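Shown next, in structure tokens, is the structure this report addresses.
The values are calculated or read from the model by the stated rules, or taken from the named source; none is laboratory data. All values reported here derive from a predicted model rather than from experimental measurement. Ideal geometry is used to build each Cβ from the backbone, glycine not excepted, and the neighbour counts take in all protein chains shown.
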Amino acid sequence: MQSVFNLMLVETEAESINFKLMSDNVRMDAVMNTATDGIFMINLDGSTIESVNKSACNIFGFNDKDILGKNMLSLIPDLHFWDVDKSQFRQLLHAEGVSNKGVLIPLEIHASEMFSKKDNYIVAVVRDLTSSNRFQNVLSGIFNLSPDGFLVLSGEGVISYANPSLRKMIMVDDDELLMGKDWSVFQHLIFKKLDNEYHHNLDFLDEMLTENILHLRCPLQRTLRCYRRKLNAKDVNSAEILFFHDITQNTIMDNMKSEFLTTAAHELRTPLAGVMGFSELLSMREYPPEKTKEIAGIINRQSIRLKLLLDDLLDLASIEDGTFSPTNMRQDTLEIPLLECCKDFDGSDDFHYLVIEPTEYWPLVEVEQLKIRQIITNLLSNAYKYSPGNPEITVSTSTQVENKIAEFGITIRDQGIGMTPEQLSHIGERFYRADMFGEIPGTGLGMALTNELLMTQHARIDIQSTFGEGTAMTVWFPII
């Protein structure tokens, strides 16, 4: 009786163990089949697939019956769990798998050995990197096309990415000079290009969540706004990203505007002083009629000078905000506005004189007469101002055919100080003046305004200049 009882007890324990094992297997299957990564159980030599989950089948496009028992190399040809001498087991691998349609699949594989009393296996967790790589390619494309610079540092302080714009900003042509290098390598590169007028060290680049301005000379002056952030603010070992925005042109424009305000204040003060001074004289005492007329003429000329300066400022502002548009365009010749502008200038000072060489042919062009006078006045004014040593200014006209378009040209030629190629390349920029020492009066707006006005008249300008010899400016208008 006792032996029967013991036998029944053994059978009950066996059933309990089998039930527990079955329950464990069910739970294990549930875990494996709900995993988004593919899971393979492979025999220890890495060849035969013993078990597989649903995600693994989905990755390769097979069902489990087609995969079980197959050689793992048929799915991942370059899969090698062991190094060459089989002394080291590889736990992380990157390889390409082959789907049932022959499509290559980028994979990340985490592997480990599993030992039991009955069997030994290799468990491989396989992740499909297709979507991740596609996202990385899109992100990389965005960064590569961005005009701003990006530098990514790993948690260990190693440079993992530097986009082309950053390399261009710091004049580094070879990507290998940065990729995979320590942060100190980048610091050393930047330190050699620092503008010592502004910086003595790079400590500010180590600051987080702070906007800093970096001034470089490489070899031209460059100004960058810099930011540094952790990709995961909660993780002290997180990778970091540094952002560099080139504000060189903004800085130059700010400096030029500051210079302009100083110059404009001077330009405004001079005629204002004349108006105020001479009007005060007229109000304080009586003058003979001839003297009164002379003083009134001075006040009038200074008032006109003020008006022209303010007109330039207002025209530029209206062009910039898009509210300026030609309203009185009509077909006419340029004979009257050109000759009248020349008459106004000829004899306007005691030094310069005009030599006028007009053509006998005055073709029709479509222009706004008032703006044409403004353009000619600006060009004649420049010729006078920038010819302090030679009095002769030549005004001539001509015709030509350019790109199958007949054009009428007005050329104003001086024998003044001229311009270097570098200065010539900046003509038309707002606030730029070829006379950077401020010895010649002006605001740096005249040629900028002239260029804008020419566009509204469908005209263009050609400038020829030799430093120390003079400048010739030709405005070309399409003939109707």
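Within the stretch 172-184, is there a residue that is part of a strand (DSSP E or B), surrounded by 14 or more Cβ atoms within 10 Å (Cβ to Cβ) and under 37 Å from the mean Cα position of the chain (by Cα)? Let's see the steps before the verdict.
Keep residues of the stretch 172-184 that are part of a strand (DSSP E or B), which gives 182.
In the following step, the residues that additionally are surrounded by 14 or more Cβ atoms within 10 Å (Cβ to Cβ) were identified as none.
Among the residues of the stretch 172-184, not one is part of a strand (DSSP E or B), surrounded by 14 or more Cβ atoms within 10 Å (Cβ to Cβ) and under 37 Å from the mean Cα position of the chain (by Cα), which makes the answer no.
Scanning the stretch 152-166 turns up no residue that is surrounded by fewer than 16 Cβ atoms within 10 Å (Cβ to Cβ), among the aliphatic types (A, V, I, L, M) and either at pLDDT below 90 or under 25 Å from the mean Cα position of the chain (by Cα) (or both). Screening the stretch 210-245 for residues that are in contact (Cβ under 8 Å) with a residue 24 or more places away in the chain and among the basic types (Lys, Arg) and picking the one that is nearest to LEU189 (Cα to Cα) gives ARG217. For the stretch 160-188, filtering for residues that are touching a strand residue (DSSP E or B) at 6+ places or on another chain (Cβ under 6 Å) and of a type in the set (Val, Ile, Thr) leaves 0.
Where residues in the stretch 297-335 are among the small types (Gly, Ala, Ser) and at pLDDT 75 or above, which of them is surrounded by the most Cβ atoms within 10 Å (Cβ to Cβ)? Looking at residues that are among the small types (Gly, Ala, Ser) and at pLDDT 75 or above, I get SER303. In summary, SER238 fulfils each of the numbered conditions (1) out of contact with any Leu (no Cβ under 7 Å at 6 or more places or on another chain); (2) polar (S, T, N, Q); (3) modelled with pLDDT of 85 or more with the single exception of condition (1). Scanning the stretch 367-425 for residues that are under 26 Å from ILE479 (Cα atoms) and in a loop (DSSP other than H, G, I, E, B) yields GLU368, ASN403, LYS404. With the structure loaded, tell me whether GLU340 is surrounded by fewer than 16 Cβ atoms within 10 Å (Cβ to Cβ), assigned by TED's automatic domain parsing to the domain that holds THR450 and of a type in the set (Asp, Glu) or whether it fails that test. Yes; evaluated as a whole, the condition is true for this residue. Within the stretch 393-431, the residues that satisfy the criterion of being surrounded by 16 or more Cβ atoms within 10 Å (Cβ to Cβ), over 33 Å from the mean Cα position of the chain (by Cα) and among the charged types (D, E, K, R) are GLU407, ARG413, ASP414.
Could we say that PHE351 is within 21 Å of GLY470 (Cα to Cα), surrounded by fewer than 13 Cβ atoms within 10 Å (Cβ to Cβ) and among the hydrophobic types (A, V, I, L, M, F, W, C) here? Here the answer is yes, as PHE351 does meet what is asked.
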